[in-house]
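The next block holds one structure in the form of structure tokens; read it before the comments.
The values are calculated or read from the model by the stated rules, or taken from the named source; none is laboratory data. Note that this is a predicted model, so its numbers are computed, not measured. For neighbour counting, all protein chains shown are included, and Cβ atoms are generated from backbone atoms with ideal geometry for every residue, glycine included.
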Amino acid sequence: MQSLDRMLAEFAKQKLEKQTRRHFLMDCVAKVGGLAMAPLMFGCGTGTSAGSTGLNLSQRDLNPLSPLPPPYGAKAKSIIYLHMAGAPSQLELFDYKPELAKYHNQPAPQSLLEGKKFAFIRGTPNLLGPQANFSQHGESGAWISDFMPHFQKLADEVSFLKAVHTDQFNHGPAQLLMQTGSARLGRPSIGSWVTYGLGTENQNLPGFVVLTSGGKTPDAGKSVWGSGFLPSVYQGVQCRSKGDPVLYLDDPVGMSRNLKKNVIDAINTVNKEEFDAYGDPEILARINQYEMAYRMQIEVPEVMNINDEPKAVHELYGTNPGTESFANNCLLARKLVEKGVRFVQLYDWGWDTHGTDHDGSIDMGLRNKCREMDRPVSALLLDLKQRGMLEDTLVVWGGEFGRTPMQENREGKTQSFLGRDHHGDAFTMWMAGGGIKPGVTYGRTDDFGFSGIEDKVSVHDIHATILHLMGFDHEEFTYEFQGRPFRLTDVEGELINKILA
Amino acid sequence: MIDFILPLFGRFHPILVHLPIGFLVFGVILIFWSRKNITTYLPILSLSFFLGGLFAALASISGFLQYKNEGYSWDTVKIHLILGIITAILSLLIWYRMKYSVANPKALKLQGLGLLVILTTTGHLGGNITHGDDYFTEVLPPDLQAFLGGESGIAKPLELPANNWEEVEFYTGAIQPILDQNCKSCHNPKKLKGELDLTSFKGIHKGGEDGAILENGNPEKSSLYSRLVLSEDDDDHMPPKDKRQPRKEEIELIKAWIESGSSEKSKLGDAAINVSMVEPFFKKDEKPFYPVVEVEKLPQDSISKLRELGFFAEIIKKDSPFLKVSCINFPAFSDADWSLLLSAKEQIVYLDLTGTAVTDSILAQIATLPSLTVLKLNQTAIEGADLGKLVENKNLKLLYFNDTNVSFDKLGALDGHPTLEKVFAFETPAADSGSSSQFTFHLETGNLSLPVLATDTIVY
């Protein structure tokens, strides 16, 4: 009964939310045929000024991005999430498998393949030994390959999760699962949850910024930074490092900033009158957002401009202003977090190394891709460290799944390049910064790197841990939708205690 | 047919007990009230002691019946019952003496006071049975409770030694502490809700009014486990919805104990449990980042006011008095604006003045913030002349002045700061000087770089 009541209440609320003034007028014209009826139908709404009758408005009603305290002590105030879209091969980067090298080019044992599904592999593929040279680094002795020579020096700054697993083996669903906690559309992304829960520090910038590189947005589309059933103000704002940072941000030709201000003031005056008449807090939120957009016009181009950065910074990151690159995005991520942005999400496309062509080959294409990622990521960590930002910024790195220890045999044929198929049973991710214990390697995979055999970690566990570091209990942080409370981790997720400082 | 009479009469005990209290207290007051002309009041006095004694006797009888019929243990009611009977006898004795011998005011006063003491003790013990013996202490501040000693309200949470947890006895060392913390307040020998005692191995194996609560090796069929994992809305869910709920890990341990055969003597190491199950109970000597002091909470109005002034202001976590303040949208903030922050002086633990117009003279003001833990002065005109003032901030842990004109010689003033852990001085003369004195804090001078490698330019 209780849940039925809740559903009815939610239905009524949603219906009201969708009922704009225009709908109402239209309804009146169609069904009643006269505006005269309006006051009668709205009854309690019209004539009284709700704004002055002590309507209890929270700051959240007026400004959906206004800050809220975390329920528990937070270790991090911001997150930079580096998503390598397409899924990089853990077997060439972090998960060193000397045994696999011994069986290179031999048919994979049937016991490995039984009951498993692959995106492209058919029949019995051959095993593919690691194509990179591995060595141990730092006091922690973490294994990092020569595909990432710069990152090798940062081994003691990060905490590796070597046995992450996902139940999705196609890009779209896997990216959705990784970013929203569900392989199906319609759930809010991590960044949306976090900005919904905490608001944002800088009221002149969006709380959740998305930067993409690699020439393509993720396969799952913009839903990976969508707000799902949360109010749309919490969705990620995509900014570009090339051209206008935000589309349509610049004033049109012939429109001066003063004129723009006048327009916004006029709209706000009308809205204010509307609010006085109806007392709907949504109107106040709208007024606030017009003003924020106006302020953003100045602040966003400023923070998104990397032309004036010192030479040393450009050398550190390997940045090249005016282009769209992962390096530029890494530098922007630091600048945005420095300016009080809550969640910066980077997507770098081009890690899908099936071995179908040169760019998608494990020994060449992947190496090129690593070269473009190695320096910027290492630079980002160093830069955050030297500015003291690593104290309260959480950095997460990973793809949506891993890759097979077998050579891909698309359509059963031998391929001309070395490549690996999608694989969700075991892959590597790492975290660093706010609240993470540095220099930990958690989890272990079998001798082929096919499955996790110790300390396995699910995508939900990662979400639980991220929320924990931001000051939430993932089981308590819910949003009422369709008659039940929803969580980022749904009904799963365990804290990864071992990597917490 | 009349079996019910006795238990019914027993149930009148809580009503009857108040009558002797009223009569007898009234009687004792009257003894003192009457002063020298006690004879005038004698009829009323003797009546009140007679009625007091009579009802005390009835209360004792009904109390005894209740003890017999309602499942109280003898140990619980023993002293209460004996004192109740003594109260009845003494009252009647006093009445008898008043009636049949000459009243001696002095002796009466003494007898009255003695009776009052016994009466109060009896009443208090009775209250303990119904309301629990922590009825008064429960509402006291925790410190005072600890000072008064005895049993404080809640048992301590389970803690296990990290190095030899295998040797801990599963029942005594883990299960009983969990039950003590979560179940004891209702299921103890005194309260026995549902006729269940969860404070001893015997009690657990005996079960409650619905029979056994344990089926060895089968947690799903043992209500000691299964009722814990029911939905909170379920009427059978335990502990009741409004009470403290056990942690997931605690429930898991109970499950594992039942699975392992729920024996009394086995060790944690003998059961099929791994480290991850007991790890959450390992003792952690984690020091909280922000200070642990009692500070008054700032009213929400004051926080809103700070926001209206242009500050980012938010408490560090729900229900905490401590405040995080940043000038991220208030770049014009200058030394003269300090007074705007005075209302939150006690509460500020995190102050970010990055990019504002403050100068060295603000440091003397900042030094007056007692709880300040993180201070950011990046991109300001600070030169560090007054940096030594920050020694006054007894909780300061992180200090940032990246991109300022602070020179190396100014840092010495902070050497020996008892709490300061890290100082960030990237892009300052201090960092560029290349000097490397050892301080009690870690000095981050930055200028980190990545080498140029041959592989940086090789395209495969």
Within the range B:437-447, how many residues turn out to be within 13 Å of chain A (Cβ to nearest Cβ) and under 47 Å from the mean Cα position of the chain (by Cα)? 6
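If I filter the range A:222-234 down to residues being in contact with a helix residue (DSSP H, G or I) (Cβ under 8 Å, 6 or more places away or on another chain) and at pLDDT below 90, which single residue comes out as nearest to the other protein chains (Cβ to nearest Cβ)?
Across the range A:222-234, the extreme among qualifying residues is A:Val233.
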Would you check if B:Val295 is under 28 Å from the mean Cα position of the chain (by Cα), of a type in the set (Val, Ile, Thr) and more than 14 Å from chain A (Cβ to nearest Cβ)? yes
Please determine whether any residue of the range A:232-248 is β-branched (Val, Ile, Thr) and free of Cβ contacts under 8 Å to residues at least 40 places away in the same chain. yes
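How about the range B:126-139: which of its residues are farther than 20 Å from B:Lys193 by Cβ and in a helix (DSSP H, G or I)?
B:Thr137, B:Val139
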Of all residues in the range A:175-208, which are in contact with a Pro (Cβ under 7 Å, 6 or more places away or on another chain) and more than 16 Å from A:Arg342 (Cβ to Cβ)? A:Gln175, A:Thr180, A:Ala183
Considering only residues of the range B:31-54 that are modelled with pLDDT under 90 and crowded, with 18+ Cβ neighbours inside 10 Å, which is farthest from the chain's Cα centre (by Cα)? B:Ile38
Of the conditions (1) of a type in the set (Asp, Glu); (2) within 14 Å of chain B (Cβ to nearest Cβ); (3) touching a helix residue (DSSP H, G or I) at 6+ places or on another chain (Cβ under 6 Å), A:Glu201 fails just one. Which one is it? (3)
Which is under 20 Å from B:Ser185 (Cβ atoms), of a type outside the set (A, V, I, L, M, F, W, C) and part of a helix (DSSP H, G or I), of B:Glu250, B:Glu279, B:Glu232? B:Glu250
Being among the polar types (S, T, N, Q) and assigned to a strand (DSSP E or B) is the filter; apply it to the range A:390-420 and report the residue that is nearest to A:Glu201 (Cα to Cα). A:Thr393
Filtered residues of the range A:182-209 (kept if outside any loop (DSSP other than H, G, I, E, B), of a type in the set (A, V, I, L, M) and within 19 Å of A:Arg295 (Cα to Cα)): A:Val209
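Matching residues to (1) within 25 Å of the chain's Cα centre (by Cα); (2) surrounded by fewer than 21 Cβ atoms within 10 Å (Cβ to Cβ); (3) not in a strand (DSSP E or B):
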{"site": "A:Lys272", "(1), (2), (3)": "no, yes, yes"}
{"site": "A:Ala277", "(1), (2), (3)": "no, yes, yes"}
{"site": "A:Glu282", "(1), (2), (3)": "no, yes, yes"}
{"site": "A:Arg295", "(1), (2), (3)": "yes, yes, yes"}
{"site": "A:Thr319", "(1), (2), (3)": "yes, no, yes"}
{"site": "A:Leu331", "(1), (2), (3)": "yes, no, yes"}
Of the listed residues (B:Ile118, B:Ile175, B:Ile154), the one being under 28 Å from B:Ile258 (Cβ atoms) and at pLDDT 90 or above is B:Ile175
Going by the conditions given, is A:Asp308 charged (D, E, K, R), within 12 Å of chain B (Cβ to nearest Cβ) and part of a loop (DSSP other than H, G, I, E, B)? no
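Rundown of residues vs (1) exposed (fewer than 13 other Cβ atoms within 10 Å of the Cβ); (2) touching a Gly at 6+ places or on another chain (Cβ under 8 Å); (3) not small (Gly, Ala, Ser), yes/no style:
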residue	(1), (2), (3)
B:Lys206	no, no, yes
B:Arg227	no, no, yes
B:Asp235	yes, no, yes
B:Asp270	no, no, yes
B:Tyr290	no, yes, yes
B:Glu308	yes, no, yes
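One line per residue, one yes/no per condition, for (1) free of Cβ contacts under 8 Å to residues at least 60 places away in the same chain; (2) outside any loop (DSSP other than H, G, I, E, B); (3) crowded, with 24+ Cβ neighbours inside 10 Å:
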| position | (1), (2), (3) |
| --- | --- |
| A:Asp61 | no, yes, no |
| A:Ile80 | no, yes, yes |
| A:Met84 | no, yes, yes |
| A:Pro88 | no, no, yes |
| A:Glu92 | no, yes, yes |
| A:Leu100 | no, yes, no |
| A:Lys153 | no, yes, no |
| A:Asp156 | no, yes, no |
When restricted to B:Leu119, B:Leu115, B:Leu110, B:Leu125, the only residue touching a Phe, Trp or Tyr at 6+ places or on another chain (Cβ under 9 Å) and either free of Cβ contacts under 8 Å to residues at least 12 places away in the same chain or assigned by the TED database to the domain that holds B:Val25 (or both) is B:Leu115
What number of residues within the range B:407-436 are within 16 Å of B:Thr359 (Cα to Cα) and within 13 Å of chain A (Cβ to nearest Cβ)? 1
How do the strands (runs of 3 or more DSSP E) wholly within the range A:421-501 filter down when requiring 3 or more residues that are closer than 16 Å to A:Leu394 by Cα: which remain? A:427-433
When the range B:177-195 is checked residue by residue, the ones that are in contact with a Cys (Cβ under 9 Å, 6 or more places away or on another chain) and surrounded by 19 or more Cβ atoms within 10 Å (Cβ to Cβ) are B:Leu192
Being within 45 Å of the chain's Cα centre (by Cα), among the charged types (D, E, K, R) and surrounded by fewer than 17 Cβ atoms within 10 Å (Cβ to Cβ) is true for just one of B:Lys78, B:Lys99. Which residue is that? B:Lys78
Can you tell me which of (1) at pLDDT 85 or above; (2) in a helix (DSSP H, G or I); (3) within 11 Å of chain A (Cβ to nearest Cβ) is the one B:Phe289 doesn't meet? (2)
Against the definition (within 26 Å of B:Thr457 (Cβ to Cβ), buried (at least 24 other Cβ atoms within 10 Å of the Cβ) and more than 9 Å from chain B (Cβ to nearest Cβ)), how does A:Ala327 come out, yes or no? yes
Looking at (1) within 9 Å of another protein chain (Cβ to nearest Cβ); (2) of a type in the set (Ser, Thr, Tyr); (3) surrounded by 15 or more Cβ atoms within 10 Å (Cβ to Cβ), which one does B:Thr404 not meet, given that it meets all the others? (1)
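I'd like to know if the range B:380-392 contains one or more residues that are surrounded by 20 or more Cβ atoms within 10 Å (Cβ to Cβ), in contact with a Lys or Arg (Cβ under 8 Å, 6 or more places away or on another chain) and within 22 Å of B:Ser435 (Cβ to Cβ). Spell out the reasoning first.
As a first pass, look at the range B:380-392 and keep what is surrounded by 20 or more Cβ atoms within 10 Å (Cβ to Cβ): B:380, B:382, B:384, B:387, B:390.
Applying the additional criterion that residues be in contact with a Lys or Arg (Cβ under 8 Å, 6 or more places away or on another chain) yields B:384, B:387.
Narrowing further to those that are within 22 Å of B:Ser435 (Cβ to Cβ): B:384, B:387.
Scanning the range B:380-392, I find at least one residue that is surrounded by 20 or more Cβ atoms within 10 Å (Cβ to Cβ), in contact with a Lys or Arg (Cβ under 8 Å, 6 or more places away or on another chain) and within 22 Å of B:Ser435 (Cβ to Cβ), so the answer is yes.
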